[in-house]
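Derivation of every value follows stated rules applied to the coordinates shown; laboratory data play no part. Remember, it's a predicted structure, so these values are computed and weren't measured experimentally. Positions of Cβ are backbone-derived with ideal geometry, glycine not excepted, and every protein chain shown enters the neighbour counts.
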Amino acid sequence: MVRSYAAGQVIIGDQVLTAPCVVAPRQLITHWVVGRPAELELAQLEPLLALKPNVIVLGTGAQLERPPLALRRQLEARSVAVEAMDLGAACRLYNVLAGEGRQVVAGLFPV
């Protein structure tokens, strides 16, 4: 679960993370090499997709930055919903969905 978030960082468990990361109910990937959320490509989401989510939550920093439409369509074709929102909203949504036992993965950009 995401314990807290602030501009430039998220705290997951006892780890303070300041770079993009992936969090799932049973896994944390602290080294996720990506650019800006608006420039994401399907290949960059493979670490998230490997976790077999039904929902991907993207926390795009202080402001909402939507992923490309083509990427959203590729994910829909795989029956994976993607929700992009600011970092705080994404952390809260991830915690709720994970707490409900949903197959959710969050890609967080604490910048």
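In plain terms, the bigger the Kirkwood radius, the slower the diffusion; for the chain, with that radius from Cα pairs, at 4 °C and 1.567 mPa s, Stokes-Einstein puts D at 96 µm²/s.
Listed values for segment 36-43 are Karplus-derived 3J(HN,Hα) couplings in whole Hz (6.51 cos²θ - 1.76 cosθ + 1.60, θ = phi - 60°), namely 6, x, 5, 10, 4, 10, 4, 4, and x replaces Gly and Pro.
Within a 10 angstrom radius of the beta carbon, how do 39, 83 rank from fewest other beta carbons to most?
39, 83
Only Lys, Arg, Asp and Glu carry charge here, each on its Cβ (+1 for the first two, -1 for the last two); on that basis the chain has a dipole of about 180 debye about its Cα centre. Each helix, a run of at least 4 DSSP H residues, gives -39500 (n - 2.57); summed and divided by the residues of the chain, these come to -6500 deg cm²/dmol at 222 nm. Approximating the spin labels as points 7 Å out from Cα along Cα→Cβ, the residue 69-to-residue 81 distance works out to 2.2 nm. Less than 5 angstrom separates the built amide H of residue 36 from none of the residues sequence-distant by 5 or more or on a different chain. Full extension of the segment from residue 38 to residue 26, taken as 0.36 nm per residue of separation minus the current Cα-Cα distance, would add 1.6 nm. On the principal axes of its alpha-carbon atoms, segment 47-111 has extents of 29, 28, 16 Å, going from largest to smallest.
Each residue of segment 53-60 is assigned a 3J(HN,Hα), and the resulting list reads x, 8, 9, 10, 9, 10, x, 8 Hz, derived from the Karplus form 6.51 cos²θ - 1.76 cosθ + 1.60 (θ = phi - 60°), x at Gly and Pro.
Starting with the fewest neighbours, write out 76, 65, 41, 100 ranked by other beta-carbon atoms found within 10 Å of each beta-carbon.
Ascending number of Cβ neighbours within 10 Å: 100, 76, 41, 65.
Neighbour counting of Cβ atoms within 10 Å sorts the residues 105, 96, fewest neighbours leading, into 96, 105.
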